[in-house]
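Following: one structure in structure tokens, then a few remarks.
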Amino acid sequence: MNTRAILIGLALGLGLGVAASATGSPALIGLAEAADPLGQVFLRAIQMVVIPLVAAIVFVGVGRIGNLRRLGRLGGLAVGFFWVTTLPAILIGMGVMRLGLSFTAPVAPSTDAAEVATESPGVIDFLLNLVPRNPIQVAAEGALLPLILFMVLFAAATTTLPKEKQEILTSFADTVSEALIKLMSWVLWTAPVGVFGLAAPVTARTGMAMLQNLGVFILSVVVGLFIMKALVLLPLVRFVGRMRPGRFIRGTVGTYTVGFTTTTSVGTLPMMLQEADKLGLSKSSYRLILPLAASINRPGSALFQGASLVFLAAMYGVPLGPAPVAAAVLATFLAAMTVAPVPSASIVSLVPVLNVVGVPLAGLGILLGIDRLPDVFRSAANVIGHMAAATTVDRMTRNRTTLDDSGRGDE
């Protein structure tokens, strides 16, 4: 995906929209509105791929977790750590974005009434709708949360089959996911045109307010990521992992830097393994935990998705009551644990989250255009989360009772 081209597409779309709004020129307004079909085709292409992609990724991810149960306490603790850090990350993202939006008035682009949910489902209806009568039907209707839960249960059942049969299904799903990831990468190559088509008409209707809100969005996400590291990851490292935060930070500078520049957990894996060894972690633990974390641990992505949901809901005037928030947190939790290894996958996997609360998908194109800056920070937060998991789980599986001056426990 050409990030520079996407930024150019976004800048052109925003520029055209601002010019149309400021001048009121019928020609510019007409040109901005004429770009809308380009954005709609781009959104449709994303929706075309995302449903089978999410289903395949969920199946493979749960299959890996099921295999880990055979590896005993180490794998279980690692997965537990991922879950424990993902939930507060989502809540921090939502909270920080709510606070950030209090300093600015959210834009309200004109949207088809059919695209916006006018009434949120109650708790009972939400729980009932989680169980699909027909998984294929809910997939066709775009109701991804019931489909995700079905795939989780289906994959869990698969792990109980004989190894050779389990391998057939898992390998098939893995192959399907790889093909769909390639297809998604082709779709994302059209993002510069799609982002232009989405940004121009929205900005023409809202003017400079859109630019202000995007600035608030980026700042809120970055601040939220540092809050998560300070209030969630470092305390776990200090009090459970029994390592002083200063030592942990110094020992993971390379990991953070590589994660920040490459925006990929898998690409950072060699540096993570090297620095885990320097931190004195057990090879038998970090060689299992770090590859697993690179596959399914996404605390930074979870925070970004929680913040994005609040931002887009405010943008389109969709109320977030207790029941929709609970549904959104569950959907975000599942989506964040199954983010595909493609650029800006945290935005693509927001589709089921937005569907749950009735937020239009058009805002995804706007976020995609500015995603480069949040992406580097959330990717860096993800890899620090991997290192925190390795440090904490390593301590929990050893007998350490006191801290020495270096910040490590006595063996």
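The values are calculated or read from the model by the stated rules, or taken from the named source; none is laboratory data. If you're wondering where the values come from, they're calculated on a predicted model, not measured in any experiment. No Cβ is skipped: glycine too gets one built from the backbone with ideal geometry, and neighbour counts run over all protein chains shown. The area values use the complete protein model at the heavy-atom level, side chains included, leaving out ligands, DNA and RNA. Shrake-Rupley method; radii C 1.70, N 1.55, O 1.52, S 1.80 Å.
When 354, 303 are checked against the criterion of being modelled with pLDDT of 80 or more and either under 18 Å from residue 216 (Cβ atoms) or aromatic (Phe, Trp, Tyr) (or both), 303 stands alone in meeting it.
If the Cβ limit is 9 Å and pairs must be 6+ apart or interchain, which residue in region 165-189 that is hydrophobic (A, V, I, L, M, F, W, C) pairs with which residue that is assigned to a helix (DSSP H, G or I) and open to solvent by 90 Å² or more (accessible area, probe 1.4 Å)? Listed by first residue and then by second, the contacts come to 183/48; 187/48. Looking across region 167-197, the residues that are among the hydroxyl-bearing types (Ser, Thr, Tyr) and assigned to a helix (DSSP H, G or I) come down to 170, 171, 175, 177, 185. The condition of being under 25 Å from residue 37 (Cβ atoms), part of a helix (DSSP H, G or I) and open to solvent by 10 Å² or more (accessible area, probe 1.4 Å) holds for only one of 209, 200, that being 209. Just name the residue that is nearest to the chain's Cα centre (by Cα) out of those in region 162-174 that are farther than 21 Å from residue 53 by Cβ and open to solvent by 70 Å² or more (accessible area, probe 1.4 Å). Across region 162-174, the extreme among qualifying residues is 167. Screening residue 224 with (1) small (Gly, Ala, Ser); (2) under 19 Å from residue 374 (Cα atoms); (3) without any contact (Cβ under 8 Å) to a residue 24 or more places away in the chain gives one miss only, at (3). Select, from 73, 69, the only residue that is open to solvent by 40 Å² or more (accessible area, probe 1.4 Å), at pLDDT 70 or above and at negative phi. Testing whether each residue is open to solvent by 40 Å² or more (accessible area, probe 1.4 Å), at pLDDT 70 or above and at negative phi leaves just 73.
For region 241-327, give me every one of the helices (runs of 4 or more DSSP H) that falls completely inside it and has 1 or more residues that are surrounded by fewer than 19 Cβ atoms within 10 Å (Cβ to Cβ) and not aliphatic (A, V, I, L, M).
Those helices (runs of 4 or more DSSP H) span 245-251, 253-262, 265-278, 283-296.
Report whether or not residue 372 is out of contact with any His (no Cβ under 7 Å at 6 or more places or on another chain), of a type in the set (Lys, Arg) and crowded, with 24+ Cβ neighbours inside 10 Å. When the stated conditions are applied, residue 372 does not pass them. Restricting region 212-240 to residues that are closer than 30 Å to residue 19 by Cα and open to solvent by 20 Å² or more (accessible area, probe 1.4 Å), the residue that is modelled with the lowest pLDDT is 212.
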